[in-house]
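What follows is a short report on a single structure.
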Amino acid sequence: MTVMKIAGAQLGAIQKAESRESVVKRMIALLDEAASKGADMVVYPELALTTFFPRWYMEDQAEIDVWFETEMPNAATQPLFDRARALSIAITFGYAEKTPDGHYFNTSIVTDRQANIVGKYRKVHLPGHSEYDMERAFQHLEKRYFEPGDLGFNVWRNEGVIMGMAICNDRRWPETFRVLGLQGVELVTIGYNTPSVNSQMSAEGLEKRLFHSDLSLQAGAYQNSTYVVGVAKAGNEDGHPLMGGSIIVDPDGFVLARAVTEEDELIIAECDFEKCAFGKKTIFDFERHRRIEHYGRITSQTGVIVEV
Ligand code: ING
């Protein structure tokens with residue numbers, strides 16, 4: 001299939017007290033809206049089933065485990081998988097994963113149109129910190145609650161499209177897109193939860209953050225000649241604002257659709273994957289143009305080494 005209608009299902013705030021069942025009902029409403037607009041795939045945000053809990057400092061493992069799913073699908077999400085199958089729509093969404101052998105990841109899955117899980121990704125780039133930080137206006141404890149992803153950046157041929165997944169902070173690292181680009185990726189889906197400005201920050205703080213999100217997603221798309229769909233969890237969660245800014249970007253880096261609210265909002269665009277070919281055969285024909293003999297630092301170094 002070379003043309004797909006892809007929808008981004010931005011979610012508004014999920015309060016700490018909101019149940020997964022309630023959130024799944026909201027996700028199904030967006031799925032129904034997407035179906036009414038002819039969508040073939042729906043992309044949901046990072047950690048789509050719960051509030052962005054890494055903002056809360058917790059020590060008791062039982063309290064932490066409450067936020068994690070031990071199987072997928074499960075009782076709370078089965079209605080979403082059933083609806084997607086009934087509508088013949090592929091879906092991707094993020095959630096907190098606790099594995100049977102006790103590992104914790106910030107995970108996303110993608111299904112085919114029969115609601116079969118065809119791919120799983122575990123977030124590699126974890127921002128923030130692992131201990132309580134008194135200096136911060138708000139905590140960002142992803143390094144406390146999640147392990148770095150252990151699956152790498154992979155692609156799957158799903159419904160005829162070579163697609164890959166990343167999550168939130170991954171979009172800020174060009175390595176994410178390039179590793180997918182080197183596998184021929186034509187569609188990258190990226191859910192995110194990005195804290196917005198709060199009272200201590202100026203309004204242009206939000207404008208700058210939205211700009212950096214757009215810049216990262218558009219650059220990733222253009223430099224790897226792929227579609228990119230970035231979908232936010234937005235709104236004010238228990239007094240903590242998250243920014244919106246969900247967009248669908250084409251292989252030239254142009255924005256095809258953009259969310260305008262910080263609520264549950266569907267954006268949609270027709271994606272013709274033939275459009276990926278031109279860039280991959282010309283400017284970004286990696287085989288013809290890359291000079292890997294000069295790129296060694298990218299995998300041999302983690303941090304900066306100043307030698308001058
Ligand atoms: N959130 C943020 C993100 O990468 C962040 C972390 C916030 C980075 C603000 C830079 C500026 O969008 C997650 N969940 O990765």
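Quantify, in whole percent, the carbon and sulfur part of the accessible surface of the chain (1.4 Å probe; protein heavy atoms only).
Working: 7430 of 13790 Å².
For the chain, the apolar C and S fraction of the accessible surface comes to 54 percent.
If you take the Cα Rg of the chain and divide it by 2.2 N^0.38 Å, with N the number of residues, what do you get?
Details: Rg = 18.8 Å, N = 308, 2.2 N^0.38 = 19.4 Å.
After normalising by residue count via 2.2 N^0.38 Å, the value is 0.97.
How much accessible area does LYS5 have with a 1.4 Å probe, in Å² rounded to the nearest 10?
Answer for LYS5: close to 70 Å² accessible.
Residues of the stretch 31-46 with the amide nitrogen closer than 16 Å to a label point 7 Å from the Cα of LYS5, along Cα-to-Cβ, please.
Within reach of a label on LYS5: 31-43.
Once Rh is set to the Kirkwood radius over Cα pairs, what Stokes-Einstein translational diffusion coefficient, in µm²/s, holds for the stretch 60-207 at a temperature of 4 °C and a viscosity of 1.567 mPa s?
Values: Rh = 16.9 Å.
Result for D is 76 µm²/s.
Just by accessible area at a 1.4 angstrom probe, what is the order of ARG290, ARG136, ARG113 from largest to smallest? Could the numbers behind the result be given before it?
Details: ARG290 65, ARG136 90, ARG113 35 Å².
Largest to smallest exposure gives the sequence ARG136, ARG290, ARG113.
State in Å² the accessible area per residue of the chain; use a 1.4 Å probe, count heavy atoms of protein chains only, and round to the nearest integer.
On the way: 13790 Å² over 308 residues.
Accessible area per residue: 45 Å².
Between GLU263 and LYS281, how many nm apart are label points set 7 Å from Cα along the C-beta direction?
With each label placed 7 Å out from Cα toward Cβ, I get 4.5 nm.
Taking a threshold of 19 Å on the Cα-Cα distance, which of the pairs LYS98/LYS143; LYS5/LYS275; LYS25/LYS233; LYS16/LYS233; LYS25/LYS120 fall above it? Could the numbers behind the result be given before it?
Values: LYS98/LYS143 15 Å; LYS5/LYS275 14 Å; LYS25/LYS233 15 Å; LYS16/LYS233 14 Å; LYS25/LYS120 23 Å.
Beyond 19 Å: LYS25/LYS120.
When the solvent-accessible surface of protein heavy atoms is calculated with a 1.4 angstrom probe, in what order do ASP250, ASP285 fall, highest first?
Values: ASP250 5, ASP285 35 Å².
Order by accessible area, largest first: ASP285, ASP250.
Once you've got the GNM for the chain with C-alpha springs shorter than 10 Å, pick whichever of ILE14, ILE91, ILE283 has the biggest mean-square fluctuation.
For the chain, modelled as a Gaussian network with Cα springs under 10 Å, the answer is ILE283.
Counting only other residues whose beta carbon sits under 15 Å from that of ILE14, what net charge do I get with K and R as +1, D and E as -1? Don't skip to the answer; put the middle values down first.
Working: positive: LYS16, ARG20, LYS25, ARG26, ARG55, LYS233; negative: GLU18, GLU21, GLU46, GLU69, GLU237, ASP238, GLU262, GLU263, ASP264, GLU265.
Spelling it out: positives minus negatives among the neighbours equals -4.
Take each of the peptides 267-278, 237-248, average the number of other beta-carbon atoms within 10 Å over its residues, and list them starting from the highest. All intermediate terms of the calculation are to be shown ahead of the outcome.
On the way: 267-278: 17.6, 237-248: 21.6.
Per-residue Cβ counts within 10 Å, averaged per peptide and sorted highest first, yield 237-248, 267-278.
The values are calculated or read from the model by the stated rules, or taken from the named source; none is laboratory data. Remember, it's a predicted structure, so these values are computed and weren't measured experimentally. Don't worry about glycine lacking a Cβ; one is built from the backbone with ideal geometry, like all the others, and counts go over all protein chains shown. When the accessible area is computed, the model is the full protein with side chains, heavy atoms only, and any ligands, DNA or RNA have been set aside. Shrake-Rupley method; radii C 1.70, N 1.55, O 1.52, S 1.80 Å.
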